[in-house]
Amino acid sequence: MSDTPFAQPSPSQGAATTSSDETVDAGERGALRVADRVVEKVTRAAVLGVPGVAPDAATTGTVGRALGRAYPHVTCSRAGDRARVLLEIALVWPAPAASVARQVCEAVSEQLRALAGVHVDEVRATVARIVDPSDVLEATGTTKERRVR
């Protein structure tokens with residue numbers, strides 16, 4: 001009987017041993033498959049995180065959200081770990097459309113690469129709607145301070 005409570009299998013018995021000096025071939029590590037739904041949710045969160053993009057609650061009512069009519073509209077087409085993303089977004093007036101659209105494209109590319117390991121070949125952002133700032137305040141539940149003249 002040995003002095004240690006657990007017997008260590010020897011490498012000749014087929015046990016896998018790795019140390020910090022050894023690297024495992026990528027083919028032996030397995031693969032990660034990210035669902036299309038995850039890619040769409042990460043994209044949606046990236047879009048809504050850009051300043052100037054209207055929150056989905058401000059773009060439609062409860063029924064419209066239930067029917068999928070709120071912005072942003074996200075369409076992803078994927079092939080393996082590569083994707084093309086088409087977006088329709090709503091902006092809060094007076095946000096500059098070109099600047100916000102560029103920031104949206106950059107945010108989507110960065111977030112998909114960092115969080116899902118998806119390489120984005122193309123992102124197209126179309127500004128489909130402009131939202132009044134008062135609609136955003138009502139949708140988020142904050143009150144607008146009234147000014148007396």
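The values are calculated or read from the model by the stated rules, or taken from the named source; none is laboratory data. Just so you know, these numbers come straight off a predicted model, no measurement behind them. We place every Cβ from the backbone using ideal geometry, glycine too, and count neighbours over all the protein chains shown. What goes into the accessible areas is simple: the full protein's heavy atoms, side chains included, and nothing from ligands, DNA or RNA. Shrake-Rupley method; radii C 1.70, N 1.55, O 1.52, S 1.80 Å.
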Give me the pairs: first residue in the range 73-95 and aromatic (Phe, Trp, Tyr), second residue open to solvent by 80 Å² or more (accessible area, probe 1.4 Å), beta-carbon distance under 7 Å, and six or more apart or on different chains, which are they? Trp93/Ile130
Failed item in (1) open to solvent by less than 80 Å² (accessible area, probe 1.4 Å); (2) modelled with pLDDT of 95 or more, with Ala54 passing the rest: (2)
Return the total of residues in the range 105-135 being farther than 19 Å from Val38 by Cβ and part of a helix (DSSP H, G or I). 5
Residues in the range 99-117 that are open to solvent by 70 Å² or more (accessible area, probe 1.4 Å) and small (Gly, Ala, Ser) total 1
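Could you please let me know if Arg78 is in a strand (DSSP E or B), out of contact with any Ser or Thr (no Cβ under 8 Å at 6 or more places or on another chain), open to solvent by 20 Å² or more (accessible area, probe 1.4 Å) and at pLDDT 90 or above?
On the way: in a strand (DSSP E or B): yes; out of contact with any Ser or Thr (no Cβ under 8 Å at 6 or more places or on another chain): yes; open to solvent by 20 Å² or more (accessible area, probe 1.4 Å): yes; at pLDDT 90 or above: yes.
In short, yes.
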